[in-house]
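So the structure is just underneath, and the comments pick up after that.
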Amino acid sequence: MTQIAEAELRTRMARAVREVRETNPLAPSITNTVTQNFVANAQLATGGSAAMVYLPDEAECVAGLGGAVYINLGTLLPVYAETVPACARACAEGDTPWVLDPVGVGIGSLRTRLIQEVRQWPPAIVRGNASEIIAVAELWGLNAARVDTQGPRGVDAADSVEAARTAAVAIARFTGGAVAVSGPADLVTDGTVIVRAEGGSPLMCSVTGSGCSLGGVATVYACVADPFTAALTATTAYNLAGARAAARCEGPGSFAVAFLDELSHIIPEEAADAPLTFEAA
Ligand SMILES: Nc1ncnc2c1ncn2[C@@H]1O[C@H](COP(=O)(O)OP(=O)(O)O)[C@@H](O)[C@H]1O
Ligand SMILES: Cc1ncsc1CCOP(=O)(O)O
Ligand SMILES: [Mg+2]
């Protein structure tokens with residue numbers, strides 16, 4: 001694998017922000033009932049279009065309609081045992097990139113089973129907090145990634161972003177796509193390059209759906225850009241919008257509103273100029 005140059009990646013990020021605003025791409029989702037509305041609003045704020053579905057035939061249908069598809073395992077229903085594999089398979093067969101957020105991996109058996117099953121139709125982007133990324137690497141048998149972890153605490157991380165570094169690189173090399181690990185400072189990798197991105201706000205942990213909507217927005221950018229560019233553009237937009245919203249809000253409630261406003265104001269040039277640090281994986 002050859003490493004993409006920083007300047008080229010920044011150019012692609014700016015292009016992704018612009019193209020999404022110009023083309024309003026459809027990024028359908030199978031996502032959880034807690035944060036569905038916030039995911040859709042964040043997708044719309046960036047310039048994308050949202051459509052949430054539950055049923056297997058709907059999932060197969062949207063895999064053909066969307067530029068990319070989002071699968072978030074946050075709240076499972078029995079029907080998802082069929083819906084999730086049907087969607088991932090249809091995406092693979094149709095060459096539609098899809099994004100996995102393995103929310104709450106470790107809770108119950110269905111999440112575990114689904115993550116193991118979709119390994120055969122690898123997602124273009126895996127987005128999660130550090131503990132979720134470590135857990136996915138373990139479930140996919142990417143043994144290079146084995147680290148000491150307590151596993152996720154419900155839907156929250158119990159591990160540092162740094163602890164998920166090896167797991168993130170191993171997953172990206174396995175999928176051939178990108179992995180975005182979120183936390184106080186984010187880590188995004190395509191398996192050859194690691195990019196660290198700072199910004200955002202601790203208030204993002206006080207609004208449920210910050211992580212889920214980041215996955216939804218990465219899916220919007222994946223409609224117009226390669227997985228690494230898409231993951232990095234979404235992560236950067238979140239860091240910029242989160243920091244700006246925190247500077248003018250009164251608490252979690254007004255933060256969420258200000259955050260959506262700020263997300264809608266991100267311009268291509270500032271996404272490309274964001275403070276990012278690059279290193280070889
Ligand atoms: N302490 C923090 N400071 C700044 N940004 C944060 C902090 N914690 C999380 N974020 C941001 O919040 C968003 C969601 O990340 P995270 O809370 O790790 O996801 P999840 O909700 O899936 O656990 C990301 O954009 C991340 O950069
Ligand atoms: C609280 C909760 N419970 C099941 S899904 C979910 C939302 C998690 O959202 P995020 O991972 O973005 O914090
Ligand atoms: Mg999450």
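The values are calculated or read from the model by the stated rules, or taken from the named source; none is laboratory data. Small disclaimer: the values here were computed from a predicted structure and weren't measured. Don't worry about glycine lacking a Cβ; one is built from the backbone with ideal geometry, like all the others, and counts go over all protein chains shown.
Residues that are over 23 Å from Tyr221 (Cβ atoms) and free of Cβ contacts under 8 Å to residues at least 24 places away in the same chain within the stretch 60-77 comprise just one, Leu77.
In the set Thr229, Thr219, Thr208, Thr236, only one residue is out of contact with any Pro (no Cβ under 7 Å at 6 or more places or on another chain), of a type in the set (Val, Ile, Thr) and part of a loop (DSSP other than H, G, I, E, B); that residue is Thr208. For the stretch 26-45, the criterion of being within 16 Å of ligand 3 (Cβ to nearest atom), hydrophobic (A, V, I, L, M, F, W, C), over 21 Å from Ala124 (Cα atoms) and crowded, with 17+ Cβ neighbours inside 10 Å is met by at least one residue.
Looking across the stretch 120-137 at every residue that is closer than 17 Å to Thr83 by Cβ and not hydrophobic (A, V, I, L, M, F, W, C), the one that is farthest from ligand 2 (Cβ to nearest atom) is identified as Gln120. Of everything in the stretch 64-113 that is β-branched (Val, Ile, Thr) and within 13 Å of Pro28 (Cβ to Cβ), the residue that is farthest from ligand 3 (Cβ to nearest atom) is Thr96. The residue that is surrounded by the most Cβ atoms within 10 Å (Cβ to Cβ), counting only those in the stretch 104-151 that are modelled with pLDDT of 95 or more, β-branched (Val, Ile, Thr) and under 17 Å from Leu214 (Cβ atoms), is Ile133.
Residues are listed down the side, and each one gets a yes or a no for (1) acidic (Asp, Glu); (2) within 16 Å of ligand 3 (Cβ to nearest atom); (3) surrounded by fewer than 22 Cβ atoms within 10 Å (Cβ to Cβ):
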residue	(1), (2), (3)
Val195	no, no, no
Cys223	no, no, no
Asp226	yes, no, yes
Ala241	no, no, no
Gly251	no, no, yes
Ala258	no, no, yes
Ser264	no, no, yes
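Of all residues in the stretch 176-205, none satisfies the criterion of being in a loop (DSSP other than H, G, I, E, B) and in contact with a Ser or Thr (Cβ under 6 Å, 6 or more places away or on another chain).
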